[in-house]
Amino acid sequence: MRQPYSLPTRLFDKVILEHPRLVIVCFLVVVSFLGYKAMDFKLDASAETLLLEHDKDLRYSRLINSRYGQHDYLFLTYVPKGDLFSDKTLKKLTQLRDELRQLERVSSVVSILDVPLLESPPVPIKELAGNVRSLESPTVDKKLARIEITESPIYQNLLISPDLKTTALLINFPVDETYHDLLARRNRFREKRANNQLSPAELAESKEVTELFQAHRDKMKNDWHQDIAAIRAIMENYRGDADLFLGGISMIADDMISFIKSDLKIFGLGIFIFLIITLGVIFKKIRWILLPMLCCAFSAISMMGLLGLFGWEVTVISSNFISLQLIITMAITIHLIVRYRELLRDNPETSQRKLVLDTVRFKLRPCLYAGLTTIAGFGSLLLCDILPVITFGWMMIAGIIVSLFVTFLLFPAGVMLLGKGGAQAGSGSRFSLTSILARFTEAHGVMIIVISCIAFIVGAVGISRLEVENCFIDYFKHTTEIYQGMKVVDQEMGGTTPLDVVIEIDSPAASAPMAASATDTQDADEFAEFDEFDEAEQDDKYWFTSDKMARVVRIHDYLNSLPETGKVLSLGTMMIIAEKLNKGEQLDNFKLALLYSELPDEFKSIVVTPYVSVEHDEARFSIRVIDSEKSLKRNELLKRIRHDLISKLGLKEEHVHLTGMLVLYNNMLQSLFDSQILTLGITLLALMCMFLILFRSLKIALIAICPNLLSIGVVLGAMGWLNIPLDMMTITIAAISVGIAVDDTIHYIHRFIREFKVDRNYIKTVRRCHESIGYAMYYTSVTIIMGFSILALSNFIPTIYFGLLTGLAMLIALVAALTLLPELLVLFKPLGPGVVDGKNG
């Protein structure tokens, strides 16, 4: 006698199936509201998306930036077709510079045309203040100017390449004080929230500050986008005379937003078109194309509306969320379609309402558990310290829940309205891959297990070869301006990635009396001129002693000698120039003080102010690291610099500080491997717990985890053997692949248990499962694999790796679920003794 339906099933029948039109109307209302909120959907590609959420080095970096000043600028490289110093080229360069200066938000443009020249001809130290020339000065000696600019330790690799073929224009923008103030206030509230120290009043103020920050940042992004577009429009007018490339963090962020928008359009549209084609090939009926696509569209629109509603911003890492959303929704829908068609084929006289109810009743539990395992996979990303990865995890958790709700409400209501359609389900030919795999498993079970073990061992060895070192420049295709511009700056203009070394310098007990040691009459006369300076100026100039400068020069020379470093700027740069002005002789304390006093302000702002904090007894060394250097190992470089400064140059450990984007980016990379192990471990543990709850058998749980371990082991191993590094995108492959691939395992075992009760014959059960649920697994896996392959159209290389490698993981998981999994079920008989190959087991 048929068991009565459970209370939830009866409620579903009464509420959803009895009122399908009302359900669809409610759906349209909700989706319309969320579609409206989708207009608040935002993108973010700022440098913060590459940083750890709670990095102490980030706080120190912000402190150093506030102390020494942080300027917003773009870097425009100019490679003329003729001689760089010819009158024609300099005239064109002047026109370009002047056009750039006319832009509303540009505060200044620095080029070889207007930088101070001290040796064209040479100027005595005491005459520096009133006798500064530039390449445009009427009295400048252009031959000497060419030599000075070419050989200058300041301008070489900063404004001109060593081969004299490339020059650069630094386009400076005013410092946005409002942005930095709001950023600092927001970060203070974030730290308090992390330590549970926010009072109710501070919590309200924190929300207000966050909203103000986001609004101002959005305005700033729009301003930057317009400025960059205007600069590129100007550049177009000069491409006939030179090759021009634009660079800078703000340009990269702006282009990344364009990439994200492009990826969202391409992935969304590409997946949408592909799904239509796939459904048409598989089911060959309009209804089985229209209804699944409505489910996908409604779930995607709903998710975008939720992101806008809660203010979650899409980054490069989460730019493929629409693709994942569509793929997950389609996988659930295909399982429902296949089950409905099976029931219709076997029970053509049954009422439509009962067919739909039984479809939902049979598939709700495995789809729910499959969804929970996928949530576990994405949920493990919450353990990462990288905010965009954490946000991506939350996005996909919400997305899976949305997909489950949309599919299990809209699909039954839609099928109820469409009716049976007067066609027999299951007619037509079916692809025989599942049948082939069933026969292969039955005939070659031992071979399957042996091959699986070998593949897993090889994968494990490959995993041990995984590393996180990679070049940021290699994140982009060679055809993008980001790549081309970074390559020119990296290889011709002294590197791209900033690194700051900050050294605390011990002060002598008293430095002011050193003036008294000057016995030279001429020096005394010169020193008498210092009376015009105020007391603060007097204190600052006496900070510069020969002992301190000697230490600075040694550190500068060491940093400059490293093969990974390109341009190095510090007080040591000033000392090189000063000694040339002093006829090659070292400067004593008196002349150092004189130099500081007489140095023109525009030159002082270039060679002194950014590299010393007299107040804090600090010297700053600004370094650009060559990102494309093949031998670059960021973590090893940072450790080596710290070790050598302490052990070889005799600095105290507490006086050496490394900061800047290289340190912050390295911290993020180093956290990836630990996060990968942690997230994978947590995911597998969560899956085991769910398997135990779902199947109530430890033996089945252990069997179920094997195909998924194999798929992810092979994929991560392949990354290791192919030297594909872990990065902010590929770190998510393991957790996501396990979470999605395990769906096949759950659906197969759930169906296997039901079919086994028919005749308790393991072999026949395998055949029946391959002929039923096997088709749904095949259809959904092919959809997922092909869907992920569309990510290869991205301009962002990690996204391409993510799509292809995740697709590979899905392929291996499918094959393993249709070969290794049934073989393990037959071999270990987790459902108890049965009939195997016609004999009692």
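Points to keep in mind about this one:
- Gain on full stretching of the segment that runs from residue 615 to residue 721 - 0.36 nm per residue minus C-alpha separation: 33.0 nm
- The chain: calculated mean residue ellipticity at 222 nm from DSSP helix runs of at least 4, using -39500 (n - 2.57): -21000 deg cm²/dmol
- Taking only the Cα atoms of segment 551-677, the ratio Rg/Rh comes out at 1.04, with Rh defined as the Kirkwood radius.
- For the peptides 724-734, 653-663, the ranking by packing is 724-734, 653-663, with the highest mean count of neighbouring Cβ atoms within 10 Å listed first.
- The chain: relative contact order as a whole-number percent, Cα under 8 Å and 6+ apart: 19
- Cross-link reach list, lysines versus residue 88, counting only Cα pairs under 27 Å and skipping chain neighbours closer than eight places: 142, 143, 165, 487
- Our compactness index for segment 541-597, the C-alpha radius of gyration over the empirical 2.2 N^0.38 Å, is 1.16.
- Taking every alpha-carbon pair in segment 291-397 and binning the separations at 10 Å intervals from zero gives 13, 36, 29, 15, 6, 1 percent.
- Degrees between helix 481-492 axis and first principal axis of the chain (Cα, 0 to 90, nearest 10): 40
- Placing a pseudo-label 7 Å from each Cα along the Cα-to-Cβ vector at residue 190 and residue 461 gives an inter-label distance of 4.4 nm.
- Pairwise Lys count, segment 639-787 - Cα closer than 28 Å, eight or more residues apart or different chains: 4
- Charge tally in the Cβ shell below 13 Å around residue 88, where Lys, Arg are +1 and Asp, Glu are -1, residue 88 excluded: 0
- Sparsely packed trypsin sites (Lys or Arg not before Pro) within segment 200-309, loop by DSSP, other Cβ within 10 Å at most 12: 239, 284
- Sites residue 226 and residue 447, calculated FRET efficiency, Cβ-Cβ separation with R0 51 Å, nearest 0.05: 0.20
- Convex hull projection area averaged over all views, segment 147-224, Cα basis, nm²: 8.2
- Expressed as a whole percent, the accessible area of segment 577-733 that falls on carbon and sulfur atoms is 57 (1.4 Å probe).
- Å² per residue, accessible surface of segment 119-260 at 1.4 Å: 49
- Charge context of residue 725, other residues only, Cβ under 11 angstrom, K/R +1, D/E -1: -3
- Rounded to 10°, Cα long-axis angle of helix 445-463 versus longest principal axis of the chain: 10
- Placing R0 at 60 angstrom, the Cβ-Cβ distance between residue 142 and residue 30 gives a FRET efficiency of 0.25 after rounding to 0.05.
- Calculated P(r) of the chain - Cα pairs past 55 Å, %: 26
- Averaging 1/r over every pair of different alpha carbons in segment 337-407 and inverting the result gives a Kirkwood radius of 14.0 Å.
- Volume per residue for segment 705-841 equals 89 cubic angstrom (convex hull of Cα atoms).
- Ratio of Rg to Rh over segment 265-315 (Cα coordinates, Kirkwood Rh, two decimals): 1.10
- Of the three principal axes defined by the Cα atoms of segment 161-281, the extents in descending order read 61, 59, 26 Å.
- Sites residue 42 and residue 554, calculated FRET efficiency, Cβ-Cβ separation with R0 45 Å, nearest 0.05: 0.40
- Counted by Cβ distance under 14 Å from residue 29, the other residues give a net charge of +2, where Lys and Arg count +1 and Asp and Glu count -1.
The values are calculated or read from the model by the stated rules, or taken from the named source; none is laboratory data. What you see is a predicted model, and the numbers here were worked out from it, not measured in a lab. Ideal geometry is used to build each Cβ from the backbone, glycine not excepted, and the neighbour counts take in all protein chains shown. Just the protein is used for accessible areas: all its heavy atoms, side chains included, with ligands, DNA and RNA removed. Shrake-Rupley method; radii C 1.70, N 1.55, O 1.52, S 1.80 Å.
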